[in-house]
């Protein structure tokens with residue numbers, strides 16, 4: 001990969017990492033608030049006709065936190081591949097991942113054909 005392009009990818013991954021970290025932090029904060037609300041309520045909110053049950057909100061926000069963790073992991077792995085010179089190479093078949101795919105999903109570690117074959 002050309003040095004200028006490598007720096008662009010590194011900056012893009014850093015930006016995406018910061019976004020994912022902010023999303024994770026926000027989700028963790030929301031989960032803490034829900035836990036506090038659940039502790040204070042002390043009752044069964046599942047059958048409350050007035051609002052959304054805390055368990056449903058918990059599940060939604062917990063899924064968002066999980067997604068953010070997965071994105072962070074994928075971005076960190078891409079940064080490692082960038083450092084060791086394997087960024088942009090499909091980990092399944094070993095061919096170069098097209099630039100267009102990397103522009104859309106810079107943390108991609110498999111090419112489209114290999115990704116499609118795995119489904």
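Only the coordinates and a few stated rules stand behind these numbers; no lab work does. This structure is a prediction, so every number in the text was calculated from the model and none was measured. Methodologically, a virtual Cβ is constructed for each residue, glycine included, from the backbone with ideal geometry; neighbour enumeration extends over all protein chains shown.
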- Query: Which stretch or stretches of segment 11-34 have amide N atoms under 16 Å from the point lying 7 Å from residue 77's Cα along the Cα→Cβ direction?
  - Reply: 17
- How do 104, 110, 75 line up, fewest other C-beta atoms within 10 Å first? 104, 110, 75
- Item | Computed helical MRE - 222 nm, the chain, DSSP H runs ≥ 4 contributing -39500 (n - 2.57), nearest 500 | -24000 deg cm²/dmol
- Message: Compute a Gaussian network model of the chain, connecting alpha carbons closer than 10 Å, and tell me which residue from 99, 72, 31 fluctuates the most.
- Response: 99
- Helix 54-84: inclination vs the chain longest Cα principal axis, degrees, rounded to 10, gives 20
- Task: Take the chain, connect every pair of alpha-carbon atoms lying under 10 Å apart with a spring to form a Gaussian network, then pick out the residue of 16, 28, 40 with the largest mean-square fluctuation.
- Result: 40
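Listing 39, 109, 67 from the residue with the fewest other Cβ atoms within 10 Å to the one with the most, what is the order?
Working: 39 8, 109 19, 67 14.
If I rank by nearby Cβ atoms, fewest first, I get 39, 67, 109.
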- Query: For semi-axes √(5λ) of the Cα gyration tensor in Å, which listed value, (1) 18, 17, 15; (2) 21, 17, 14; (3) 40, 16, 10, comes from the coordinates shown?
  - Reply: (3)
